[in-house]
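Working notes, beginning with the structure itself.
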Amino acid sequence: PTFEGLTIEKAREAAQAGRITLKESEEYSEDIPAGHVVSQGTAASTSVDHDSTVNIVVSKGREPIKVPDVSGKTKADAVTALEDAGLTHETVSEFSDTVAKGTVISQEPNGGGTLYRSDTVTLTVSQGPEFVPVPNVFAKSEADAVAILEEAGFTVKVKYELGGFLGLVREQSPASGQTARVGSEITISVV
C-alpha cells in the first residue's frame, strides 16, 4: 500500500490488512505534519511477501530551533547567526544615544526562545543618535525661542546680556542651520 501522507494510525491499519510489518523511524519535516508518514522504503504497488518489513519515516513535525541571542552584535553578525540557525529576519531601525550605529538594540523574540525553521526574528538596529537641524530663533522673544527649541527636541540654556531687558534672542549656539543631537543643549543669549 501507499503509506506516504497517511497518519501513523492509518498506515498501521493498512500494514495490518496487508500482513506487513512496519519498521518506524522519525525525523523532523517542514512540510509533513507530525504523526504523518514522510516516506516509505519500499515503493507503493511493489509486490512483497506477507510478513515482509517495510521501513517508514514518520514526521515529528517542524524542527524547533533555539533562537540565538544577537543583541549587541552588528547587524551583519546578527543576520549571519540567524541564517546559520535556519531563521529569517526583518529589520527595523531606531535612534539610540547609547547603542552604536549598526548594532542590534533588541530582538523579538528574545534569544533563548524557540521558533521553527524559516520563522522570522525582528531585529531593532541602532541608527545612532538622532540629529536634527537647529531652528532659527534669532530676534524671537525668550519664551517663543525656548518653546521652539524644546519642541524641536532640545534643552535650552538662557544667558542674559545687559540684564535681558528687551527679552529678545541676540545669539544662539549652535547656530541655526547646523544639526545637533536631539536632547542636546542649545544656549541662547537674551538682551
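Within the stretch 54-107, the set of residues being of a type in the set (Asp, Glu) and either in a loop (DSSP other than H, G, I, E, B) or within 30 Å of Glu4 (Cβ to Cβ) (or both) comprises Glu63, Asp69, Asp97.
Note on the stretch 84-93: residues that are open to solvent by 70 Å² or more (accessible area, probe 1.4 Å) and either within 18 Å of Pro68 (Cβ to Cβ) or at pLDDT below 95 (or both) amount to 2. Taking the criterion of being aromatic (Phe, Trp, Tyr) and open to solvent by 50 Å² or more (accessible area, probe 1.4 Å), the residues of the stretch 121-168 that qualify are Phe131, Phe138, Tyr160, Phe165. For the subset of the stretch 1-47 comprising residues that are open to solvent by 90 Å² or more (accessible area, probe 1.4 Å) and in a loop (DSSP other than H, G, I, E, B), which member is farthest from Pro64 (Cα to Cα)? Selected residue: Ser47. Within the stretch 1-39, the set of residues being polar (S, T, N, Q), touching a His at 6+ places or on another chain (Cβ under 9 Å) and at pLDDT 95 or above comprises just one member, Thr7.
Taken as a whole, the structure places Ser118 among residues that are outside any strand (DSSP E or B) and either open to solvent by 80 Å² or more (accessible area, probe 1.4 Å) or not charged (D, E, K, R) (or both).
If the condition is being under 19 Å from Asp77 (Cβ atoms) and assigned to a loop (DSSP other than H, G, I, E, B), then the stretch 121-153 contributes Gln127, Gly128.
The values are calculated or read from the model by the stated rules, or taken from the named source; none is laboratory data. Being a predicted model, the structure only gives us computed values, none of them experimental. We place every Cβ from the backbone using ideal geometry, glycine too, and count neighbours over all the protein chains shown. Accessible surface is based on the protein model in full, side chains and every heavy atom, while ligands, DNA and RNA are left aside. Shrake-Rupley method; radii C 1.70, N 1.55, O 1.52, S 1.80 Å.
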